[in-house]
Amino acid sequence: MSDKLKKFFQKKKADVKFKRAGPGHRLDEGTAAAKTVAKQGETSRVCRIEPTDEAKQAAAAALARFESKKTTTGPLNISLAAIKSRARKELEAERKNVNQNIDTFTCSEEENTSVEVPGPLATSGIFFQCPMIGLEVLPQEEWHIKIEEFIKEQMKDDPILQSILLIQNCNHNRTKVEECIKLLVTYAENIIRNKDEEKYRKIRLTNKTFVEKVLPIKGAIEFLESIGFVKKKLIYQEREEDFLIFPEECLDNLASVQTTVDDLQSAERIQLVLDRNVQVLLPSQASTKVSLPPEFFIVSTAEIKAEYQKRTEKLESEMILKTKNMRMKEQNRYKSNYKYCLIRVKFPDCLILQGTFGVNEHLSDVLEFVKESVFDEQRPFKLRLSSGSTFDNEHENMTLSELNLVPTTVLLFTYDPPENNEEHPYLKDELMALVQ
């Protein structure tokens, strides 16, 4: 990757770190701040650990969503005593009604997503962050629009880098992108290796391969123009057609063309990060918000084709003798193609912490999410299933799909060793504020 492209990504990453660092302060504020903290420490219950940037972002995003959904039904009572009291009452009511079970989840029908989903949704959708661009939390489709606008604005004075970033980031069928890049590289390398042969310096715009593999890709035409190609009309089979021509005077810049081709093949993509969409629920809310939105299991045409291919391979593989472990691995591989899963963690004080994860994320990601959410981050804890089975260290590197936690599951939280002290809540204050 060229120095200019590297500097662009380094600068954007540095900007993100700067934004996450929070407001600045004067150098002489240290002593005064230390004294204030010391005085506060005498009356505070426990010395708190500063939450990580990711935890702050998750809490801020959840608070923003909560604020946008507020109604005028009256003031909200979020005192710890009121929350605990209501949670206990709801738990007692749950125990009396054997038909109510927090572990029950239902999913919308995969075959007909146009039918209205029964009951309140467990989550309002799938949201993402894009650290390189900003700290907003948006649906994936909105980020696609913002990323394209960002690239066009940031790189308006550099058409080469703009076209590279558009190709890599603004086309979402990666198979077609790779095919396009391969063809663009072929066009350029043919000129570099055969600069004296004119046929390699002409591309007919109505050529079937060009129309299918290059024309639909955003940034592809701009890339060819940025390395020297120009549009021109030529006679082809006794009629005039549009061509892209690489002029002779540009043959002196083939070293630059090679560098640009290398950049195209090695450019970084602007990554989206799945937002946890954190919620803290009372037992009654968790038992009613049980349906998943369609985004959890909608698959594209390409994914359907891939799934069909996998099933064909499965039928063929079943003809081969395999050990039990081999068959178990294959069962995990051919599971329903969910993209995301909803994890709920139930605490001893009856509150439920909810977060959204990708099915290929690991159990360690769930453990980290819970660790960043609890009041005492340093205290060891365990997560177990309602059946009583717990997760060991060997499970931490397994995916949520491999652990059969897809598409939804409820995990029970307990400190290791357990404690009976309930003077403070399990969750941090900023998360307790999310209780509705």
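With 31 Å as the limit, the listed pairs K7/K199; K11/K182; K11/K208; K7/K232; K146/K346 have K7/K199; K11/K208; K7/K232; K146/K346 beyond it between alpha carbons. Note that segment 340-433 presents 41 Å² accessible area per residue, ligands and nucleic acids not counted, probe 1.4 Å. Projected onto planes of every orientation and averaged, the convex hull of the alpha-carbon atoms in segment 341-392 covers 4.0 nm². Solvent exposure of segment 128-273, expressed per residue, is 55 Å² of accessible area, with all protein chains present and a 1.4 angstrom probe.
Pairs of C-alpha atoms in segment 128-273 farther apart than 21 Å represent 48 percent of all such pairs.
Within the accessible area of segment 128-273, the carbon and sulfur atoms contribute 46%, probe 1.4 Å, all protein chains present.
Considered as an equivalent ellipsoid built on the Cα gyration tensor, segment 375-436 has semi-axes of 24, 16, 11 Å, the largest given first. Computed on protein heavy atoms with a 1.4 Å probe, the accessible areas place L431, L215 in the order L215, L431, largest first.
The values are calculated or read from the model by the stated rules, or taken from the named source; none is laboratory data. What you see is a predicted model; the values in this text were computed from it and never measured. The area values use the complete protein model at the heavy-atom level, side chains included, leaving out ligands, DNA and RNA. Shrake-Rupley method; radii C 1.70, N 1.55, O 1.52, S 1.80 Å.
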